[in-house]
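Engineer: Okay, here's the structure, questions in a sec.
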Amino acid sequence: MNADSTPIERQKLLVRLLTQNQRRIFSYLYTLVPDRHAAEDLLQQTCMVVCEKFGEFQPGTDFVAWACQIAYWEVRAARQKFARSKVLFDDAALEAVAKTAEEMAPELSDRHEALAKCLEKLHPRDRELILTRYEPGGGVEAAAQRTGRTVVAAYKALTRIRKLLQDCVNLQLQS
Amino acid sequence: MSLSGQPRLELHELCSRLVDGTLSEPQRRRLEEILAVSPEARRVYVRAMALSASLFDYASEMQTEAPERSPRPIPFSAAPPWWWAVGALGAAAAIALAFWLGGLSESGRRLESQPHEVVAHLSGAKDCQWAEATLQPGAPLQSGQRVELAAGFAEISFDSGALLVLEGPASLDVNSAWEAVLRRGALTASVPQEAIGFRISNAAVDVVDLGTEFSMVAEENGATEVFVLRGAIEAYPRAVSSDPARPSVVLRETQARRFDRNRVAEVRNREQKLLRFVRKVSLDRALQPPAFVHWPFDETEGAQAAAEAIGFGIRAVAAGKATPALLPLPAKNVRGEDRGERKAKKDPLLPSQAREGETDDSANGFAARLAGSNSSNLNAARVPGQRGQALNFDGQLAATALLPPFVHGTPRTVAFWIKIPPDAGVAESEPILAWPLTSDGDTMEFSWNRAPNQGAFGALRTSVGRGFIIGTTPLRDGQWHHVAVVFSHTLRGPQKMQARQYVDGRLDHVSAKHFTKSKVKRLGGEPRLISNGGEKLSMGRRPNEQGKTGFLGTIDELFLLDRALSQKEIRMLMLHNRLPSPEPSVSTLGAAAKALSPPTPATL
């Protein structure tokens, strides 16, 4: 009997795979449903289904791809619940974007790692703004307030900083 | 199809709007259209969304110590190398700003939330009847305190600079320097530029100020009417029918809305209701002009820089030159007593060298004495400043002056302009100002933070012994910044103090703080002088520290004042180099005359 096939070992494997890959699954969900809270709800839902169906997962195969398939169908199922403002695209567009995101999974992992270095290079004021914007409970207003900007200026600065970060990540990956 | 130039820029803009929740319906359709036809656009889109997802992840990891949320533990090996520099910033909004100078805990542990933090004070009152504890003008208000006004008018000044006039019967929760909850009753809010983002909420609506004057009336049933008198606000209705795609309502000058649990509606009899806010109310205040010492650094002759002092019993002028009185403060206090004369009556609090009328060398009183390694340092010390001349510290120059006779445990304010080169090194971060606190070598110091593992690098750092507070605004950028540090009482007990740092007139958020059991406490329970005649204010390096490279940068218009200034007073000092005249006793509840014009449709 394979050690991985005992119930306890399967459970350990499930916990490890979920812990290691939760961020990647959230990233995929956020690409399809660009609303933090909606994506987090969907992540929770997806994790429950992953736990229920883990018996069908073949160890050694791509767990993230398998979980993202489940996530995709959770998004489709949630269309009624979320309305268009949260699930942005119609089914055809959703499928096209989902397919692109799946294909880019390795690249996106590299980009995530490179982003840490790029954040380090940011001007502290910009870094504070962007991290305040994205921290739990944060937002554009909070970021504007914390960094002494107007809300309008903060929106503009965030657009600029995201562009800077994308360019920096591109450069990191090229080198 | 390869994306470049304008289409790529357009796509970035659309992605940014999508992420920030400002994408309009036509823009959404445009984005869908672009993504449908272009695989390259889809890749750009996926990268943009993945970037934001990663930022959520990193920002979440960086957020440490928020007292209301348990942060996720970060395995040290998994943390990026800069986590320590930013981690404390994540907690800044949530950590209370109090900085205890004595009596809490040993050895510099991190502060947790401080429910007793003073965040506002009662700055004016008229015919107040209090439902619970009676408050007098000047009374501090702490975080979480409920103000129950049965009748009359109460003016509340928040440390952020926001000013509320509450009309009884009313109930207001003071949550922080940036937030209040109007439970019932009416208020008028005036929010200066520095306090933009100030928020007033209740069960019906959250109002975020965008720099304005507005009134709110909260009824017993929870319904709330909001009138914008000047500027603009952003209101977030809590009504169940609110459109999730358009969560906020922007109201501009003269506009009003009624918010209740079910809907947002126009205000009936708007003009009639607005009349309530144009009444003039005479408020009682209890503020006397502070005593202060001011070093303008304009009159520097030889090795001395002139100072002027009002209220400390001496008007000191170096080198026989009259220093222009830059602050046209009234010489008399509220009791009609000349503060200078009062202090001159052999006040035991006066340092012995600072008696009025002395003519020997010590008669220069508070004049700063410059000391450099050679004469060229002294010649180079005078440079153009924020106003007139300033004192430039090149790492070799230091200056000392007599410390005003502050009493330990009493409120005070230190304010100055500072310019620090962007390439100032860590070795050149010696204190801008310092003075000794105890004979054990404990000092009060104001510097830029050179320890990134303790707080934002380059931000203002106020140290009291081993305790410190660090702000977030970088000072090390070659620009002039106005800095004010305010020490005021807390409600935790006698001689318990908190510090507030203001940079460029704005209450600076705190990136980190530590507190210690202050050795000052050992000196005895009686009020006593911080300065008893022997202590010196050191500029450019620590007291009695010779030989080391000192501070690199320029300071101008240094004030030491014997009162905790409000944000409004700090702003006045920054803009005009003087304090506001005593407040007029008449306050208009709102500049609402213009609001009586016909309503303009609001952005709903």
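The values are calculated or read from the model by the stated rules, or taken from the named source; none is laboratory data. On a predicted model such as this, the values are computed, not experimentally measured, just so you know. We place every Cβ from the backbone using ideal geometry, glycine too, and count neighbours over all the protein chains shown. For the accessible areas, the whole protein counts, side chains as well, though only heavy atoms, and no ligand, DNA or RNA atoms are used. Shrake-Rupley method; radii C 1.70, N 1.55, O 1.52, S 1.80 Å.
Engineer: Which peptide among B:573-579, A:103-109 comes first, and what is the full order, when sorted by highest mean count of other Cβ atoms within 10 Å?
Structural biologist: Highest mean packing first, the order is B:573-579, A:103-109.
Engineer: So, for region A:51-175, what is the accessible surface per residue at a probe of 1.4 Å, expressed in square angstrom?
Structural biologist: 48 Å²
Engineer: Let me ask you something else. In the neighborhood of B:Glu266, defined by Cβ-to-Cβ distances under 9 Å, what is the net charge if each Lys or Arg adds +1 and each Asp or Glu adds -1?
Structural biologist: +4
Engineer: Same structure again: How much accessible surface area, in Å² rounded to 10, belongs to the heavy atoms of B:Asp284 with a 1.4 Å probe?
Structural biologist: Rounded to the nearest 10, the figure is 90 Å².
Engineer: Within the set A:Lys99/A:Lys156; A:Lys12/A:Lys53; B:Lys273/B:Lys568; B:Lys419/B:Lys568, which residue pairs have Cα atoms separated by over 20 Å?
Structural biologist: In this structure, A:Lys99/A:Lys156; B:Lys273/B:Lys568; B:Lys419/B:Lys568 exceed 20 Å between Cα atoms.
Engineer: Right, next: Starting from the Cα of A:Gln11, step 7 Å along the direction of its Cβ; do the same at B:Asp284; then give the gap between the two resulting points in nm.
Structural biologist: In this crude spin-label approximation the distance works out to 7.0 nm.
Engineer: Let me ask something else about it. Could you work out, residue by residue across A:139-147, how many beta carbons of other chains sit within 10 Å of that residue's beta carbon, and then give the average as an integer?
Structural biologist: Mean number of neighbouring Cβ atoms from other chains: 5.
Engineer: Could you work out the local net charge near B:Gly458, counting Lys and Arg as +1, Asp and Glu as -1, over the other residues with Cβ closer than 9 Å to its Cβ?
Structural biologist: Once positives and negatives cancel, what remains is +1.
Engineer: Something else about it: To the nearest 0.05, how large is the calculated FRET efficiency for B:Gln479 and B:Glu219 if R₀ is 41 Å and r is the Cβ-Cβ distance?
Structural biologist: 0.30
Engineer: Can you sort A:Glu52, B:Glu179 by 1.4 Å-probe accessible area, starting with the largest?
Structural biologist: So, going from the largest accessible area down, we get A:Glu52, B:Glu179.
Engineer: State the percentage of accessible surface on region A:1-59 attributable to carbon and sulfur atoms; use a 1.4 Å probe and exclude ligands, DNA and RNA.
Structural biologist: With neighbouring chains kept in place, the figure for region A:1-59 is 52 percent.
Engineer: Using the basic label-point model (7 angstrom from Cα toward the beta carbon), what is the B:Arg466 to A:Lys99 distance in nanometres?
Structural biologist: For B:Arg466 paired with A:Lys99, the spin-label model returns 6.5 nm.
Engineer: Relative to the present Cα-Cα distance, how much length would full extension add between B:Leu9 and B:Gln129 at 0.36 nm per residue of separation?
Structural biologist: So the chain would gain 37.2 nm between B:Leu9 and B:Gln129.
Engineer: Using only Cα atoms, find the angle between the long axis of helix A:151-174 and the longest principal axis of chain A, and express it within 0 to 90 degrees, rounded to the nearest 10.
Structural biologist: The angle comes out at about 60 degrees.
Engineer: In nanometres, what is the gap between the two model label sites at A:Asp90 and A:Glu56, each 7 Å from Cα along Cα-to-Cβ?
Structural biologist: 2.9 nm
Engineer: To the nearest hundred square angstrom, how large is the accessible surface buried between B and A, total for both chains, probe 1.4 angstrom?
Structural biologist: Interface area, both chains combined: 4900 Å², rounded to the nearest 100.
Engineer: So, one more: If I fit a long axis through the Cα atoms of helix A:63-77 and take the longest principal axis of the Cα atoms of chain A, what angle between them do I get, 0 to 90°, rounded to 10?
Structural biologist: 80 degrees
Engineer: Can you figure out the FRET efficiency of B:Asp423 with B:Asn379, using R₀ = 35 Å and their beta-carbon distance, to the nearest 0.05?
Structural biologist: The formula returns an efficiency of 0.90 here.
Engineer: With springs only between Cα atoms under 10 Å apart, run a GNM on chain A and tell me which of A:Arg79, A:Arg111, A:Arg146 wobbles the most.
Structural biologist: Taking springs between Cα atoms under 10 Å, the residue moving most is A:Arg146.
Engineer: Using Cα-Cα distances under 8 Å and only pairs 6 or more residues apart, what relative contact order does chain A have, in percent?
Structural biologist: 18 percent.
Engineer: Right, here's the next one. Contact order normalised by length for region B:122-183, with contacts defined as Cα pairs under 8 Å and 6 or more residues apart; what percent is it?
Structural biologist: 32 percent
Engineer: Additional query: When Lys and Arg each count +1 and Asp and Glu each count -1, what net charge do the other residues less than 13 Å away from B:Gln129, Cβ to Cβ, add up to?
Structural biologist: Net local charge, B:Gln129 excluded: -3.
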